[in-house]
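Here is the structure we will look at.
The values are calculated or read from the model by the stated rules, or taken from the named source; none is laboratory data. All values derive from a computational prediction rather than experimental measurement. So basically every Cβ, Gly included, is an ideal-geometry build from the backbone, and we count neighbours across all protein chains shown. Just so you know, the surface numbers come from the protein's heavy atoms only, side chains and all, with ligands and any DNA or RNA stripped out. Shrake-Rupley method; radii C 1.70, N 1.55, O 1.52, S 1.80 Å.
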Amino acid sequence: MKRLHIHIGVEQLEEAIGFYSKLFGAEPVKRKPDYAKWMLEDPRVNLAISTRTSTKGVDHLGIQVEEEQELDEIRQRLSVGRLPVADEGETLCCYAKSDKSWVLDPAGVPWEAYRTMEDADIFSTHSAQSDAACCEPSFLTRPETKMPEQESSGCCS
């Protein structure tokens, strides 16, 4: 089963936790000094907030799957659609070990498709030595590494 994922960058974590807890009528299922996550059933969404994003507000969106086969299906759709995909593979990010791929939508919004295998005690292997943001593939954090260009076929074709 799939779940929509939204990651929002915040400046004041406790204030944001209070807001989203009131909005959804639920406390976070995971809470760290720089991160909080809700796994909601109605609406079926994985909402994460953190102070470790490069932007404030919506940082990225995603589709979280439960089974490897579901992730393979999404990757296949992206491949058949000839969309430029950055396969990150297994990674440690946002206090979880996951297998993920990334794609940019036409407006430049990053989307991840991923499956979480287990919880982790650290925010990210990428940020263990620094305060760098995680959950951002190299094409987002290093300008010299770009996603391949999407073929443009015009509107609605």
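Restricting attention to the stretch 75-84, the residues being open to solvent by less than 50 Å² (accessible area, probe 1.4 Å) and free of Cβ contacts under 8 Å to residues at least 40 places away in the same chain number 2. Considering the stretch 1-18, and only residues there that are exposed (fewer than 15 other Cβ atoms within 10 Å of the Cβ) and not in a strand (DSSP E or B), the residue that is modelled with the lowest pLDDT turns out to be Met1. Residues that are more than 17 Å from Lys2 (Cβ to Cβ), open to solvent by less than 60 Å² (accessible area, probe 1.4 Å) and in a strand (DSSP E or B) occur in the stretch 53-74; there is at least one.
The listed residues are Ser21, Ser98, and the only one of them that is part of a helix (DSSP H, G or I) and either open to solvent by 10 Å² or more (accessible area, probe 1.4 Å) or touching a Phe, Trp or Tyr at 6+ places or on another chain (Cβ under 6 Å) (or both) turns out to be Ser21.
Residues that are open to solvent by less than 100 Å² (accessible area, probe 1.4 Å), under 21 Å from Phe123 (Cβ atoms), in a strand (DSSP E or B) and not β-branched (Val, Ile, Thr) within the stretch 24-49 comprise Lys30, Lys32, Tyr35, Ala36, Lys37, Trp38, Met39, Asn46, Leu47, Ala48, listed in sequence order.
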